[in-house]
Structures are given as C-alpha cells and as structure tokens.
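To keep things clear, I will list the structure first and then write my remarks on it.
The values are calculated or read from the model by the stated rules, or taken from the named source; none is laboratory data. In this text, all values refer to a predicted model and were calculated from it rather than measured experimentally. Virtual Cβ from ideal backbone geometry, glycine too; neighbours counted across all protein chains shown. Surface accessibility is based on the protein's heavy atoms, side chains included, excluding ligands, DNA and RNA. Shrake-Rupley method; radii C 1.70, N 1.55, O 1.52, S 1.80 Å.
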Amino acid sequence: MFPTPIEKTAPWTRISYKIALPLSIILWLLPLAAILMTSVRSMGDINAGNYWGLPTEWNIVENYTSVFANTAMGRYLLNSVLVTLPVMVGSVFLATLAGFALAKYKFRGNLAMFALFIGGNFVPFQILMIPVRDLTIQLGLYDSVWALIIFHTAFQTGFCTLFMRNFIVGIPDELIESCRLEGASDWKIFYSIVLPLVRPALAALAVLIFTFVWNDYFWALVLVQSDEVRPVTAGISALRGQWLASWNLISAGSVVAALPPVILFFAMQRHFIAGLTLGATKG
Amino acid sequence: MQKNYTQTWSQRAVPWLFMAPALALFLVYVILPIIQSISMSFYQWDGIGDKVFIGFQNYVDLYYDPQFWTSLWNNILWLLFFMLAVPFGLGIALFLNQQVLGIRAVKSLFFFPFVISQVIVGIVFAWFYDPGYGLLQDILALFGAGPLPVLADEALVTYGIIAAGLWPQVAYTMILFLTGLNNLSPEQIEAARMDGAKGWTMLWHVILPQLRPATFIAIVVTIIGALRSFDLVASMTSGGPYGSSSVLAYFMYEQAIFNYRMGYGAAIATVLFLIMLVYIAFFLWRMLQQER
C-alpha cells in the first residue's frame with residue numbers, strides 16, 4: 001500500500017485525516033450542493049441573496065412541477081431516452097461482431113482496421129460536422145431522433161470495438177479451436193461461445209455508452225432543432241435562455257437533466273469504473 | 001503463412017463479414033466525412049448554393065483573422081492548464097487510497113462529477129461565477145475583495161471555463177490513478193521501505209514508474225478533452241465576451257452554423273484535426289507497438 005496505511009501512522013495524522021476527509025468532500029461537492037439547495041428555493045430567497053441559509057419556504061414541489069408543467073422538459077427526457085437506448089444496443093452489438101473478428105482471426109489488415117477504429121474514435125467532432133449534417137439532410141433524417149441514433153451508433157462503435165476486441169482477446173483460443181474441430185460454424189462459435197462469455201463486458205460498455213450519449217451536446221445542436229426531438233442537454237440550455245435569472249428553476253431543471261446518468265452510475269458503479277479504467281493497469 | 005494459400009475465399013471472407021456492419025457505418029459516418037471536410041476546406045460554400053473552388057484562400061483568410069489566433073491561443077491555454085488534471089488527480093487519488101470506514105462512498109462522491117453532462121457543469125459554474133448571485137463573490141467578499149465578473153472579463157474568462165472543465169476531468173484522472181494504485185506490487189514497496197525509502201523519494205522512484213500506464217492514459221484523455229472543449233464554451237459564454245473565450249471547436253461551429261461559411265468552417269476543423277492528429281498518431285504508434 002502506498003501511501004502508508006493511515007492505521008500505521010501517528011495518532012495526530014490519523015485524527016487530521018479523519019477530519020480532512022469529510023471536509024474535502026464538502027469542498028469538492030460545494031457547487032453541486034449549491035445547485036441542489038437553490039433548486040428548492042423561492043424566487044424571493046434568490047432575490048434577497050439567501051443562498052446558504054435555510055430556505056424561507058421549501059419550494060421543492062413548486063419548482064420541480066413548474067419545470068415539467070411549464071416547459072418541454074418531459075419531452076426532452078423522453079427524447080434522450082429514445083436516442084440513448086437504441087445506440088446502446090446497436091453499437092455494442094455491432095462492436096461485439098467486429099471485436100470478435102479483430103480478436104480471433106488472423107488476416108491481412110487486421111491491425112490496420114483496429115487502428116482505424118481507435119483513431120476514428122479520437123477525432124474532433126468538428127471535422128465530421130458538415131458532411132454528417134449534409135448526409136443527414138439528404139437522407140431526410142434531419143431533426144429526427146434517427147439522425148442522432150444513427151450517428152451516435154456509428155461513432156460509438158469505434159470505442160466499443162476497441163473495448164470488445166481487447167476483452168475477446170482474453171477468451172482462450174483453445175476453446176474456439178475445439179469447437180471448430182467439432183465442426184461448428186463461425187457464426188455458431190460466435191453465438192454460443194463468445195456471446196455468453198462477453199456478458200460481463202456488455203454491462204460495463206452499456207453504462208459507459210449510456211453516459212456518453214446522454215451527455216452529448218454538440219450533435220444535439222447540429223442534427224436536431226425542434227423541441228419534439230431535442231435531447232435534454234440541448235433542451236436545458238435552450239430553457240436557460242428563457243429563464244434568465246430564475247436560478248431556482250434553472251437549478252431544478254439541471255438536477256432533473258443530470259439525474260439519469262448519476263443514478264445509473266451509482267447503481268452500476270463497479271461496471272462503470274471497470275470499463276473506464278480498462279487500460280489504466282496494463283499497457 | 002503457408003496455411004493462407006489453402007484457405008478458401010469463403011474462409012477468408014469470414015472476419016470481414018463479421019466486421020462489415022460496424023465497418024460500413026464507421027466508414028460512412030466517421031472516416032469518409034474527415035476526407036470530405038478536408039476537401040471542402042478548399043471551397044467557398046454557403047451550405048446551399050454552388051461550391052466554388054478557391055484553393056488555399058480559406059487558410060489565407062484564417063491567417064489574417066484575429067479570431068482564429070484568439071481561438072488557437074485559447075486552445076493552447078486549454079492544453080497547458082487542463083494538464084493540471086493529471087497532478088491534481090494523482091494527489092486526490094493518493095489522498096483517498098486508504099482503507100478507512102466509508103472510503104468507497106467517498107471515492108464515488110469524488111468521481112461522480114464526471115458523469116454529469118458538461119452543459120450542466122457549465123450551468124453550475126456560471127452560477128458560481130455570477131456577479132450578482134454567485135458563490136465566488138461571497139467568498140471574495142470574505143476577503144474584502146470586490147465582485148469579480150469572471151465570465152464577463154476578457155482576460156479571465158478562458159481560465160474560468162478551464163477551471164470548470166478541470167472539475168470533472170480531475171475526477172476522471174483520479175479514478176485512473178486509484179485503479180493504478182490498486183495494482184501496485186506490494187513486494188516492491190516493501191523492499192523499498194526496507195531500504196528506507198519514504199514520502200517523496202518513494203513516490204518518485206518506486207510508485208510513479210509503476211503508475212506509468214495510468215499516467216499515460218490520464219495524459220491522453222486530458223489532451224483529447226482539452227482539444228475537444230466545446231460544450232463548456234458553448235454553454236457558459238458562447239465564445240464571448242467579444243469572442244475572447246472561443247476555441248477552435250466553437251469558432252468552427254459558429255462560422256459554419258451561424259455565418260453559413262462551410263468552407264471556412266471546414267478549414268478551421270482541418271487545422272484542429274491536424275493538431276489532434278499528432279496525438280492520435282503518437283497514441284496509435286504506442287498502442288500498435290504493444291500489440292507486436
């Protein structure tokens with residue numbers, strides 16, 4: 001263990017560590033605490049400059065219902081779900097197929113294809129913007145959820161393929177060879193050997209993709225424009241323009257928009273971190 | 001090698017068939033657009049009418065456009081100051097790498113700003129900096145300093161946005177380092193302790209070399225994050241005041257979407273892409289070396 005385990009240090013260090021720990025969390029999450037507290041205040045409190053005291057009136061219900069009743073927030077949330085879920089399924093499935101090919105077949109161009117998927121994954125979005133927008137318009141998909149679903153599926157496939165390929169490499173070759181000797185077809189091998197074995201990776205990948213796509217803002221600005229299809233990131237930023245200084249409503253809206261990935265993270269923490277830190281230990 | 005000659009066509013096609021759907025989609029939506037954007041940067045185009053070939057004129061215009069240099073300079077500031085996420089993340093990871101009661105919860109609380117959308121992070125920090133309502137002004141007032149409208153100040157605005165970006169980024173690098181610290185070799189540390197190494201010497205000579213993979217990934221994701229910075233700029237300032245907080249990514253978006261200068265936008269995107277390509281090439285080169 002490094003640093004030295006705190007139990008083995010001097011009592012003074014031990015006590016100051018116990019004090020520093022909660023203090024540091026409070027400091028770190030101060031901006032979030034501020035947003036949470038602001039989201040339950042009345043406009044009166046905001047105007048009077050009461051940010052840190054107890055709210056004079058608790059407007060939890062008022063503020064949060066106002067977010068849903070007076071704005072398209074409900075629709076934005078639904079749109080985000082409609083975009084995110086198909087992308088999750090689509091890109092993970094395509095990438096599992098591609099990852100299997102890259103991990104378990106030796107063929108000319110294997111490494112080049114792998115490099116293509118990785119490299120494409122790192123390019124700045126702006127270099128894709130104009131052609132992707134044009135293509136979307138030509139296909140008649142501009143300002144529909146399909147515009148976002150197809151683009152995100154294509155783009156996330158790069159990251160997912162990298163991830164899946166590295167995971168499938170770990171499946172023993174003997175397992176696949178023995179199946180082949182028994183006369184199983186390549187598809188059968190994929191279906192009955194590889195697919196069940198990648199299940200742990202699927203969970204990690206799915207939560208990561210959910211978070212990436214849910215939080216996307218750029219493509220939500222570029223590929224859609226109406227309230228009927230706008231995801232929650234673009235929605236909240238449009239609402240901000242209308243709410244101006246109503247920080248209580250802006251805060252409540254932000255909390256609502258941020259909640260789904262946060263809940264997912266706390267529910268599936270281990271998978272999430274395992275996915276994100278792949279590569280941080282070896283290589 | 002010998003075996004390849006005896007392989008039939010259908011056998012050789014198998015991996016390509018598995019890859020086909022992913023590859024087709026990726027080529028159409030990622031690889032091809034890169035080429036199209038680069039070629040579009042040699043044209044003048046308003047998005048609707050005819051494209052006119054103008055050679056390098058867009059790049060010449062960029063050279064004489066002060067907004068381009070402001071954005072490029074801001075990207076350099078992002079690259080430099082975003083790098084603070086690496087030592088900060090390491091520092092917090094070292095601080096949290098203990099086994100006291102509730103430490104798992106503490107780690108997740110430190111990490112979770114990363115899963116919040118950057119648009120929301122932008123809103124949170126815009127509120128924090130707000131000259132009328134913001135917490136920052138209250139803190140400054142404690143020290144008797146006057147209100148400091150960070151986001152309205154041309155000299156400070158970019159630093160203000162970078163600071164907001166550091167918050168989730170530090171969370172990210174921290175989790176990478178925590179994973180790395182989890183996998184340290186206890187034997188090496190014990191051996192070093194026997195030799196009397198501790199504190200900074202230990203960190204520098206024994207721990208950091210073992211954390212090299214985590215450090216590498218942390219640097220890569222931080223560089224990419226810095227060059228991709230768009231969401232925060234768009235949601236906090238829209239590049240303002242007077243374009244002073246713009247970055248190449250936002251400048252490109254602005255020119256193409258609001259000013260209908262597609263060719264010019266494509267040229268900006270190409271410059272950004274070429275800068276990124278240096279890092280992508282380095283990363284790929286390193287990765288492929290390990291594969292061999």
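Convex hull volume of the Cα atoms of the range A:6-59, normalised per residue: 92 Å³. The alpha carbons of the range A:155-206 occupy a box of 36, 18, 15 Å along the principal axes, longest dimension given first.
Solvent-free Debye calculation, one equal scatterer per alpha-carbon of the range A:69-276: log10 I(q)/I(0) at 0.10, 0.11, 0.16, 0.17 Å⁻¹ equals -0.52, -0.61, -1.08, -1.16.
Shielding of B:9-21 by partners, i.e. mean partner chain Cβ atoms within 10 Å per residue?
Per residue, the average neighbour count from other chains is 6.
Sparse packing (at most 13 other Cβ atoms within 10 Å of the Cβ) combined with a DSSP loop state is found for the following GluC sites (Glu not before Pro) in the range B:111-215: B:Glu154. Solvent-accessible surface (1.4 Å probe) assigned to B:Leu184 amounts to roughly 20 Å². Dividing the radius of gyration of the alpha carbons in the range B:23-87 by their Kirkwood radius gives 1.13 for Rg/Rh. Rounded to the nearest 100, the interface formed by chains B and A buries 9400 square angstrom of accessible surface, both chains summed, with a 1.4 Å probe.
Helices of chain A meeting both criteria, an alpha-carbon length of 27 angstrom or more along the long axis and an average Kyte-Doolittle score not below -1.0, with helices taken as full DSSP H segments, are A:11-38, A:73-104, A:145-168, A:247-267.
The value given for the range B:60-136 is a Kirkwood hydrodynamic radius of 16.1 Å, derived from the mean inverse Cα-Cα separation. Result for chain B in a Gaussian network model with C-alpha springs under 10 Å: among B:Leu84, B:Leu140, B:Leu94, the largest mean-square fluctuation is at B:Leu140. Panel note: the C-alpha atoms of the protein assembly as shown, placed on their principal axes, show extents of 82, 74, 48 Å (largest first). Among A:Thr136, A:Thr157, A:Thr96, the largest mean-square fluctuation in a Gaussian network model of chain A (Cα springs under 10 Å) belongs to A:Thr136. Among the chymotrypsin sites (Phe, Trp or Tyr not before Pro) within the range B:195-258, those in coil by DSSP and having at most 12 neighbouring Cβ atoms inside 10 Å are B:Tyr242.
Cα centroids of the range B:110-161 and the range A:153-205: 46 Å apart.
Please identify the chymotrypsin sites (Phe, Trp or Tyr not before Pro) of the range A:55-111 that satisfy two criteria: DSSP loop assignment and at most 12 other Cβ atoms within 10 Å. Which are they?
A:Trp58
Only helices reaching 18 angstrom along their own axis (Cα) with mean Kyte-Doolittle hydropathy no lower than 0.0 count here, and for the DSSP H runs of chain B these are B:9-26, B:66-82, B:157-182, B:212-228, B:262-291.
Cα extents for chain B along the principal axes, largest to smallest and rounded to whole angstrom: 78, 72, 30.
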